[in-house]
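Peer 1: Dumping the structure here so I can ask a few things about it.
The values are calculated or read from the model by the stated rules, or taken from the named source; none is laboratory data. These figures come from a predicted structure and were not determined experimentally. All Cβ positions, even for glycine, are placed from backbone atoms using ideal geometry, and neighbour counts span all protein chains on display. For the accessible areas, the whole protein counts, side chains as well, though only heavy atoms, and no ligand, DNA or RNA atoms are used. Shrake-Rupley method; radii C 1.70, N 1.55, O 1.52, S 1.80 Å.
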Protein chains: 2
Amino acid sequence: MRLMPEVRFRDARLEMAHGAGGKATRRLVEGLFLPLLDNPALAPLSDAAWIDGDGMAAAMTADAFVVRPLRFPGGSIGELAVNGTVNDLCVAGAQPVALMAAFILEAGLPGDVLRAEVEAMAQAARRAGVAVVGGDTKVVEHGLADGMYIATFGLGRPDPRLRLGAARVRPGDRVLVSGPIGDHGITILLARGDLDLEADLRSDTRPLTPFVEALAAAAAQGVRWMRDPTRGGIASALNELAREAGAGIVLFEEEIPLRGEVRGACEILGLDPLHIANEGQLLAVVAPELAADALRALRRVPGGEQAALIGEIRDAPVRTVLAETRYGGSRVVDMLVGDPLPRIC
Amino acid sequence: MRLMPEVRFRDARLEMAHGAGGKATRRLVEGLFLPLLDNPALAPLSDAAWIDGDGMAAAMTADAFVVRPLRFPGGSIGELAVNGTVNDLCVAGAQPVALMAAFILEAGLPGDVLRAEVEAMAQAARRAGVAVVGGDTKVVEHGLADGMYIATFGLGRPDPRLRLGAARVRPGDRVLVSGPIGDHGITILLARGDLDLEADLRSDTRPLTPFVEALAAAAAQGVRWMRDPTRGGIASALNELAREAGAGIVLFEEEIPLRGEVRGACEILGLDPLHIANEGQLLAVVAPELAADALRALRRVPGGEQAALIGEIRDAPVRTVLAETRYGGSRVVDMLVGDPLPRIC
């Protein structure tokens, strides 16, 4: 489904928030990129585009990775670059075929640091069952990058079992998540050591292929929409869905899996866990009659033990995400505004 | 054809030369990336990889662009990013289908600077007949990038008329170039204003699609190998060919088209024009019986008026490029060593 440009990009200067995946990113993408690059295959806010015609049916994705620090508990930029691209393909309903990577390296970077990241990429690619088939390397002067940046490109073929799209979402559909949210974002924040906080937390970076495989096997007919809620968290992903589908979404706040460490860090820092980036969680909308099967399937996947049914599609209020508590309270969950956690991926 | 890792990457730190497309880049790619990412589709030094199987036949390319300054006579980073990727597909024998772009933006970049580059990309994509179907945007702190870097990803389908590869090159084959060399590199160097030199020179950035189309129409059976001689110039591209093909290459030095301004700047600066980057020239190896047809076809393309037959494949000395002058002198033309022109693309 195409989005008409409702917003204009008039910002005088680029700010960190333009890369945060929230409202400023939306303004940049919908107000500048979409109108200028207008063409039928142009992907809207999700990162995968479908090429279909002349004997070729393929999904393409592109992602830049600028995470700081390069290594953090549970992962590193190289692992993230592979998993993030694999996951963009997966949630678009594509089976990953091949990846390429473009490196922008800072002069002076120790050779061993680069070697460790190429090894991490190779290992992540093996785990996800995809090959890194080529790439490019550029070097910029010392000081003009932060060690290294990696852009990854993914090519996938359509998974014939899945038919996905915001337009397929209907009132009554259920919202599922594969596990606890916010681990990645809070891990990165703590790894920077700027805060006087410690927690036993690791990034959730991983390929979503096993989750998608489980859903496709157990409930393919009922899977309407999937997303990898990275920058901007599940709040931004669900707000985009609410807008694209012209629907309302209600979240059952207490049902959302959340580690105590993430909850605690968010409380101290005044952050909403719904806005925190994940790098290994699947968000899916499933038809009500298959939601229980889908949930069981997710829970059987290693790492999916805490999968949960966390919300429902409603016909009103349209284009809005509400979080309801057990005691009847509710609050509007908006997209991320600003950038509380820059360079998270 | 796969290259076996003959070199090891032991460099303690990354240097500008690792991104220059010459010997240090070869050490990085063959000594680090190839052994770690080993898989059957992995592209060797050229940037295009072929995916073939399970009903999909496609070429993929990835390039990062870090050119400084962002705008220069004849082009800009956005135009370069599109043309460079289109050209990597073309010379691999693929018809470009779609592009994606990942932007790494420096906080503080004026919005108008970004807008101008997205417009330049859109225009270059229209000219090349390809769509930009999506992308990603990240922002890093002010000072940690140089305005913007762009990584571009290209997808192509095989051109059924062409069968290319270093393994197809035979002694007696002719080397053609589509026009004067070195315009891009010297334009960038002068645009930086560090040198007290001026010249009426423009980058040659352009899509090579019309050249490849002309060759495919006039001499498809005879076209053995093509390359877009960017970083490292025609010297590095031909040295790679000589190594991959296990052949010798002789260049007829006086036949190589070269503008007086480029020759003059190279003489003053002590640079070899054969090492200077091009962004709109096609280098092709063609069977001797079709070389004249191929040359006529290139010359009929606007911008190809100065196309020339500049060399020949020999059976010895293997893995060597020699430049011969009319008076019988000859010199070994090596790959680029070091990086006399950093951040040229």
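Peer 1: Quick check for you: with a 1.4 Å probe and neighbouring chains kept, what is the accessible area per residue of the protein assembly as shown, in Å²?
Peer 2: 36 Å²
Peer 1: Rounded, prolate or oblate: pick one for the stretch A:52-192, where a ≥ b ≥ c are the square roots of the eigenvalues of its C-alpha gyration tensor, a/c under 1.5 means rounded, and failing that, prolate if a/b is larger than b/c, else oblate.
Peer 2: oblate
Peer 1: Residues with beta-carbon under 11 Å from that of residue A:219, excluding residue A:219: net charge, scoring Lys, Arg +1 and Asp, Glu -1?
Peer 2: Local charge sum for residue A:219: +2.
Peer 1: Which percent of the accessible area of the protein assembly as shown is formed by carbon and sulfur heavy atoms (probe 1.4 angstrom)?
Peer 2: Exposed carbon and sulfur together represent 49 percent of the surface.
Peer 1: Tell me the label-point distance for the pair residue B:8, residue B:316, using the 7 Å Cα-to-Cβ offset, in nm and rounded to one decimal.
Peer 2: In this crude spin-label approximation the distance works out to 3.3 nm.
Peer 1: List the residue ranges in chain A for DSSP H helices whose C-alpha atoms run 24 angstrom or more along the long axis and whose Kyte-Doolittle average is -0.5 or above.
Peer 2: Correct list, ordered by number: A:111-128.
Peer 1: Something else: Send over the semi-axes of the protein assembly as shown's equivalent ellipsoid, whole angstrom and largest first, taken as the square roots of 5 times the C-alpha gyration tensor eigenvalues.
Peer 2: Computed over the protein assembly as shown, the values are 47, 25, 22 Å.
Peer 1: Every other copy gets compared here: list the nm distances from the residue B:108 label point (7 Å along Cα to Cβ) to its counterparts, shortest first, one decimal.
Peer 2: Here residue B:108 shows inter-copy label distances of 1.7 nm.
Peer 1: Report the local net charge at residue A:106: Lys and Arg +1, Asp and Glu -1, summed over other residues whose C-beta lies under 12 Å from its C-beta.
Peer 2: -2
Peer 1: Chains B and A: how much accessible area gets covered up at their contact, both sides added, probe 1.4 Å, in Å² to the nearest hundred?
Peer 2: Chains B and A together bury roughly 6600 Å² of accessible area.
Peer 1: Can I ask one more? Can you give the average number of partner chain beta-carbon atoms within 10 Å of each beta-carbon in peptide A:111-122, as a whole number?
Peer 2: Taking all residues of A:111-122 together, the mean is 4.
Peer 1: From the square roots a ≥ b ≥ c of the eigenvalues of the alpha-carbon gyration tensor of chain B, which class results: rounded (a/c under 1.5), prolate (a/b over b/c), or oblate?
Peer 2: Here chain B falls in the rounded category.
Peer 1: How many Cβ atoms of partner chains, on average, are near each residue of B:22-33 if near means within 10 Å of its Cβ?
Peer 2: 3
Peer 1: Rounded, prolate or oblate, given the Cα gyration tensor of the stretch B:126-254, with a/c below 1.5 counting as rounded?
Peer 2: In terms of gyration-tensor shape, oblate.
Peer 1: Shielding by partners for A:335-342, please: the mean number of other protein chain Cβ atoms within 10 Å of each residue's Cβ.
Peer 2: Whole-number average of other-chain Cβ neighbours for A:335-342 is 1.
Peer 1: Order the peptides B:73-86, B:130-143 from the highest to the lowest mean number of other Cβ atoms within 10 Å of their residues.
Peer 2: Output ranking for B:73-86, B:130-143: B:73-86, B:130-143.
Peer 1: In whole angstrom, how far apart do the alpha carbon centroids of the stretch A:124-185 and the stretch A:202-238 sit?
Peer 2: Their Cα centres are 11 Å away from one another.
Peer 1: A further question on this structure: Would you mind checking which residues have amide H under 5 Å from residue B:94's amide H? H placed 1.01 Å from N; only 5 or more apart, or other chain.
Peer 2: B:159
Peer 1: Among the lysines, which fall within straight-line cross-link reach of residue A:23, defined as a Cα-Cα distance under 27 Å, with same-chain neighbours fewer than 8 residues apart omitted?
Peer 2: In chain and number order, the partners are B:138.
Peer 1: Taking the DSSP beta bridges in the protein assembly as shown as the whole, what percent of them are antiparallel, to the nearest 5?
Peer 2: The antiparallel fraction comes to roughly 80 percent.
Peer 1: Let me ask another. So, how do all the Cα-to-Cα distances of the stretch A:231-274 break down into 5 Å bins, in percent, from 0 on up?
Peer 2: 5, 20, 23, 25, 14, 9, 4
Peer 1: Shortest first, in nm, what separates the label point of residue B:264 from those of the same position in the other copies (7 Å along Cα→Cβ)?
Peer 2: Ordered by distance, the counterparts are at 7.2 nm.
Peer 1: Taking every DSSP beta bridge that has both residues in the stretch B:47-158, what percent is antiparallel when rounded to the nearest 5?
Peer 2: Taking every DSSP beta bridge within the stretch B:47-158, about 75 percent pair in antiparallel fashion.
Peer 1: Ok, one more. Report the full-extension gain for the segment residue A:41 to residue A:220: residue separation times 0.36 nm, less the Cα-Cα distance, to one decimal in nm.
Peer 2: Residue separation times 0.36 nm, minus the Cα-Cα distance, leaves 62.0 nm.
Peer 1: For n ≥ 4 DSSP H runs only, could you compute -39500 (n - 2.57) per run for chain B, divide by its residues and tell me the 222 nm figure to the nearest 500?
Peer 2: Taking each H run of at least 4 residues, the total per residue is -8500 deg cm²/dmol.
Peer 1: Now for a different question. Cβ under 12 Å from residue A:179's Cβ, residue A:179 left aside: what net charge do those residues give with Lys, Arg +1 and Asp, Glu -1?
Peer 2: Summing Lys/Arg as +1 and Asp/Glu as -1 gives -1.
Peer 1: Hey, can you rank A:163-171, A:144-152 by average C-beta count inside 10 Å, highest first?
Peer 2: Per-residue mean Cβ counts within 10 Å order the peptides as A:144-152, A:163-171.
Peer 1: How many nm separate the modelled label positions at residue A:115 and residue B:252, each set 7 Å beyond the Cα in the direction of the Cβ?
Peer 2: 4.8 nm
Peer 1: In what sequence, highest mean first, do B:93-101, A:259-267, B:321-329, B:180-188 appear when ranked by Cβ atoms within 10 angstrom?
Peer 2: Ranking, from highest mean packing down: B:180-188, B:93-101, A:259-267, B:321-329.
Peer 1: Given the Cα atoms of the stretch B:197-275, and with Rh set as the inverse mean 1/r over their pairs in the Kirkwood sense, what is Rg to Rh to two decimals?
Peer 2: Rg/Rh for the stretch B:197-275 comes to 1.01.
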